[in-house]
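First comes the structure, then the notes that go with it.
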């Protein structure tokens, strides 16, 4: 058995795979000097919208900006309340605050760790304007229940799809259910660039046009600004990376599913390991493969000593984040709090070999023996 290090993520293989084609595209950009906007950005926006079967796509600077600009385009006003899940990356709530709103933290489902829609309805008050549903770890949240709740209460829905490029709900790509969907192309994502990047997709062209204006200083014509916006644009160098990576996204996602299935087969019944559920009609793209164990910290330390990298996403639920003290209600969200104590994400990326997966599983079995 090899003792080679197994990283939780290794970008070297994809960088080597893209190097020749990417350098050719970057040389073209250097010659044309089309660094802001231009053909590469337009091509990516069109290609990604077509991939999702969305009506349009607006490239922005990063995933956090995507949420902020989407909130602004939905006319979020100071003091408006937005329901967000307790178990997600900080940016989901941070963007609400940055846009002038107030996040209200909703506990998550025990089986999937996605937003608990029944709990969201319980926390609804007339001050609530919308919901941000996160597709955690690449698994779609319950979009049928969320869209029904939004329809009944007159709320808008943003899909935070930063971890779910290519995932499907009942056969339809995520990113096409809400008023907007927001995307991150951080390098670790299933569809990642080699720097920062983000996008917003949607099904309403007029809303997308307004969002594009807001992301470009509220500009309506050259040196004419119809409203106060911001400066958040996807640059052409990163768009070139995304155009190349989008070509293999389906294949890369299939490989992630294969790896996840291999982990499930080999780790079934090992120790107290539990898996997140895969509800019928939901197709995850496994941005992370996350197990649960009451011995999480000891297991993680053991694997680290054996040269196997892991991650904990997320060790602090949103309602307990220091930055949100005094902004959100910090009363117990027991499902999210328990998850923060027992989740562990194992190595997963498209280029990970079966041998590496088998080694991870063997080491975990050894730990529990």
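The values are calculated or read from the model by the stated rules, or taken from the named source; none is laboratory data. Every value quoted in this text rests on a predicted model; they were computed, and no experiment measured them. Neighbour counts run over all protein chains shown; Cβ positions are idealised from the backbone, glycine included.
Quick look at the values:
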quantity: Unique residue being closer than 23 Å to residue 352 by Cβ, more than 19 Å from the chain's Cα centre (by Cα) and part of a loop (DSSP other than H, G, I, E, B) when the list is 270, 278, 228, 285; calculated: 270
quantity: Tally, over the range 102-111, of residues that are touching a strand residue (DSSP E or B) at 6+ places or on another chain (Cβ under 9 Å) and surrounded by fewer than 21 Cβ atoms within 10 Å (Cβ to Cβ); calculated: 1
quantity: Unmet criterion (only one of (1) assigned by TED's automatic domain parsing to the domain that holds residue 154; (2) in contact (Cβ under 8 Å) with a residue 40 or more places away in the chain; (3) under 16 Å from the mean Cα position of the chain (by Cα)) for residue 177; calculated: (2)
quantity: Of all residues making up the range 2-16, the number that are within 22 Å of residue 287 (Cβ to Cβ) and touching a residue at least 40 places away in the same chain (Cβ under 8 Å); calculated: 10
quantity: Index of the failed condition, residue 55 passing every other in (1) within 25 Å of residue 168 (Cα to Cα); (2) crowded, with 19+ Cβ neighbours inside 10 Å; (3) touching a helix residue (DSSP H, G or I) at 6+ places or on another chain (Cβ under 8 Å); calculated: (2)
quantity: Residue match in the range 325-337 (condition: in contact with a strand residue (DSSP E or B) (Cβ under 9 Å, 6 or more places away or on another chain) and within 30 Å of residue 250 (Cβ to Cβ)); calculated: no
quantity: In the range 164-188, the residues that are in contact with a strand residue (DSSP E or B) (Cβ under 8 Å, 6 or more places away or on another chain) and within 27 Å of residue 26 (Cα to Cα); calculated: 165, 166, 182, 183, 184, 185
quantity: Cβ pairs under 9 Å, 6+ apart, first in the range 96-114 and on the phi > 0 side of the Ramachandran plot, second part of a strand (DSSP E or B); calculated: 113/85; 113/290; 113/343
quantity: Criterion: touching a helix residue (DSSP H, G or I) at 6+ places or on another chain (Cβ under 9 Å), farther than 29 Å from residue 309 by Cβ and surrounded by 16 or more Cβ atoms within 10 Å (Cβ to Cβ) - qualifying residue of 99, 86, 66; calculated: 99
quantity: Scope the range 288-305; condition surrounded by fewer than 17 Cβ atoms within 10 Å (Cβ to Cβ) and either touching a strand residue (DSSP E or B) at 6+ places or on another chain (Cβ under 8 Å) or not in a helix (DSSP H, G or I) (or both); matching residues; calculated: 294, 295
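Let's see how each residue does on (1) surrounded by 15 or more Cβ atoms within 10 Å (Cβ to Cβ); (2) in contact with a strand residue (DSSP E or B) (Cβ under 7 Å, 6 or more places away or on another chain); (3) farther than 26 Å from residue 186 by Cβ; (4) assigned by TED's automatic domain parsing to the domain that holds residue 294:
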site: 241; (1), (2), (3), (4): yes, no, no, no
site: 253; (1), (2), (3), (4): yes, no, no, yes
site: 269; (1), (2), (3), (4): no, no, yes, yes
site: 273; (1), (2), (3), (4): yes, yes, yes, yes
site: 280; (1), (2), (3), (4): no, no, yes, yes
site: 283; (1), (2), (3), (4): yes, yes, no, yes
